[in-house]
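Asker: Sharing a structure, written as structure tokens. Questions coming.
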Amino acid sequence: MTRLLRFALVSLRRRHFDFFANAVSSILDLFGATVKDAFGERSVVHCNICGWTGNSFYRHTGPGYDEKNSLCPGCLCQDRHRALLVILEKCTDFFSPGKKIVEVAPERNLETLYVNQGLDYTSFDIKRRAMEQGDVTRMRYLDNSIDYFLCLHVLEHVPGEKEALCEIHRVLKPGGCAVVQVPVDWNLPQSYEYPMADPRDTFHVRRYGRDFIKRTNLPGFEVASKSINDCLSNEDINHFGCSREPVFFLKKVSAT
């Protein structure tokens, strides 16, 4: 509630009246969802990260996004986080013993899960709280030292996209994999670079288009994608409230 109120006031001050309207509507939805969970059916949806159950997931609203049935009130994970966990469990050996995992700009709910499961996991970020402070374009990690590198909704905030990708390639072991999520505008043929971080698009420095795979398919990487559609039935996708946005896997196929 506090975050929504702050977002409403900031939007009003910036004269982003559409964002202000979304914030007010989301606050009203929050009250309605709370009442439904207090008096209605509690087993319609289930969070696979924290185990919360309820009538529906909550609305997730902010600068440039307004997603219904997304946010878990138990752990504040979003639909894309729940989908990612399923994909990692079913399509990779991410949770196998001995895997070295590093995440930039960690997702707090998933970070807690990884740590609680005893994974060899480290997180870093240039600004916000993480295990370490660091820059994805100049990482401290040794060459060929990481099995999985998590980069979730980060690249669209990084001006030095190519530098970041080269650094990710450097630190991955041969056969290691970067797990990447970005918001893609599938109506946009080519990605668009903003003149500066856009406050109306969550302060992104670029809007990715359908050329995202081409942009990341650099020498030494083999790029593929998976979505929750590859892992669960429609019934289970709805039950766990999973996003259908793809997860991109950048596999390191050479050490150079």
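The values are calculated or read from the model by the stated rules, or taken from the named source; none is laboratory data. Nothing here was measured: the structure is a model prediction, and the numbers come from that model. Note: ideal-geometry Cβ built from the backbone for every residue, glycine included; neighbour counts use all protein chains shown.
Asker: Among the candidates D66, D18, single out the residue that is among the charged types (D, E, K, R), over 30 Å from V179 (Cβ atoms) and not assigned by TED's automatic domain parsing to the domain that holds A178.
Answerer: Values: D66 fails: over 30 Å from V179 (Cβ atoms).
Exactly one residue qualifies, and that residue is D18.
Results for (1) β-branched (V, I, T); (2) without any contact (Cβ under 8 Å) to a residue 60 or more places away in the chain, shown as yes or no for each residue.
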residue	(1), (2)
L71	no, yes
C75	no, yes
D79	no, no
L84	no, no
I87	yes, no
F95	no, yes
V102	yes, no
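Asker: Give me the pairs: first residue in the range 2-29 and in a helix (DSSP H, G or I), second residue of a type in the set (D, E, K, R) and modelled with pLDDT of 85 or more, beta-carbon distance under 7 Å, and six or more apart or on different chains, which are they?
Answerer: Between residues of the range 2-29 that are in a helix (DSSP H, G or I) and residues that are of a type in the set (D, E, K, R) and modelled with pLDDT of 85 or more, the close pairs are N22/D66; S26/R59; D29/R59.
Asker: Filter the range 102-128 down to residues that are in contact with a strand residue (DSSP E or B) (Cβ under 9 Å, 6 or more places away or on another chain) and in a loop (DSSP other than H, G, I, E, B) and give me whichever is modelled with the lowest pLDDT.
Answerer: Applying the first criterion (in contact with a strand residue (DSSP E or B) (Cβ under 9 Å, 6 or more places away or on another chain)) to the range 102-128 yields 102-107, 110-111, 114-115, 119-127.
Checking the rest, the ones that are also in a loop (DSSP other than H, G, I, E, B) come to 105-107, 119, 126-127.
Working: A105: 95, P106: 94, E107: 88, L119: 97, I126: 92, K127: 84.
Checked the range 102-128; the qualifying residue modelled with the lowest pLDDT is K127.
Asker: Of the residues that sit in the range 225-256 and are more than 20 Å from the chain's Cα centre (by Cα) and in a loop (DSSP other than H, G, I, E, B), which one is farthest from T92 (Cα to Cα)?
Answerer: T256
Asker: Quick one: which residue in K99, K90 is surrounded by 15 or more Cβ atoms within 10 Å (Cβ to Cβ) and over 23 Å from D201 (Cβ atoms)?
Answerer: K99
Asker: If you take the residues in the range 129-151 that are among the hydrophobic types (A, V, I, L, M, F, W, C) and not in a loop (DSSP other than H, G, I, E, B), which one is nearest to the chain's Cα centre (by Cα)? Let's see the steps before the verdict.
Answerer: So the first thing to find is which residues in the range 129-151 are among the hydrophobic types (A, V, I, L, M, F, W, C), and the list is 130-131, 136, 139, 142, 146, 149-151.
Of the ones still in play, those that are also not in a loop (DSSP other than H, G, I, E, B) are 146, 149-151.
On the way: I146: 20, F149: 13, L150: 9, C151: 8 Å.
In this case the residue turns out to be C151.
Asker: Got at least one residue in the range 16-30 being closer than 30 Å to I168 by Cα, among the hydrophobic types (A, V, I, L, M, F, W, C) and surrounded by 14 or more Cβ atoms within 10 Å (Cβ to Cβ)?
Answerer: Taking the range 16-30 and keeping what is closer than 30 Å to I168 by Cα, we get none.
Scanning the range 16-30 turns up no residue that is closer than 30 Å to I168 by Cα, among the hydrophobic types (A, V, I, L, M, F, W, C) and surrounded by 14 or more Cβ atoms within 10 Å (Cβ to Cβ).
Asker: Tell me yes or no: at least one residue of the range 83-91 is modelled with pLDDT of 85 or more, out of contact with any strand residue (DSSP E or B) (no Cβ under 8 Å at 6 or more places or on another chain) and farther than 28 Å from A178 by Cα.
Answerer: First, pick out the residues of the range 83-91 that are modelled with pLDDT of 85 or more: 83-91.
The next check asks that each one be out of contact with any strand residue (DSSP E or B) (no Cβ under 8 Å at 6 or more places or on another chain); those that pass are 85-86, 89-90.
Applying the additional criterion that residues be farther than 28 Å from A178 by Cα yields none.
Checked the range 83-91: no residue is modelled with pLDDT of 85 or more, out of contact with any strand residue (DSSP E or B) (no Cβ under 8 Å at 6 or more places or on another chain) and farther than 28 Å from A178 by Cα.
Asker: Let me ask another. Kindly provide the set of residues from the range 58-87 that are touching a Cys at 6+ places or on another chain (Cβ under 6 Å), buried (at least 22 other Cβ atoms within 10 Å of the Cβ) and in a loop (DSSP other than H, G, I, E, B), ordered by number.
Answerer: C72
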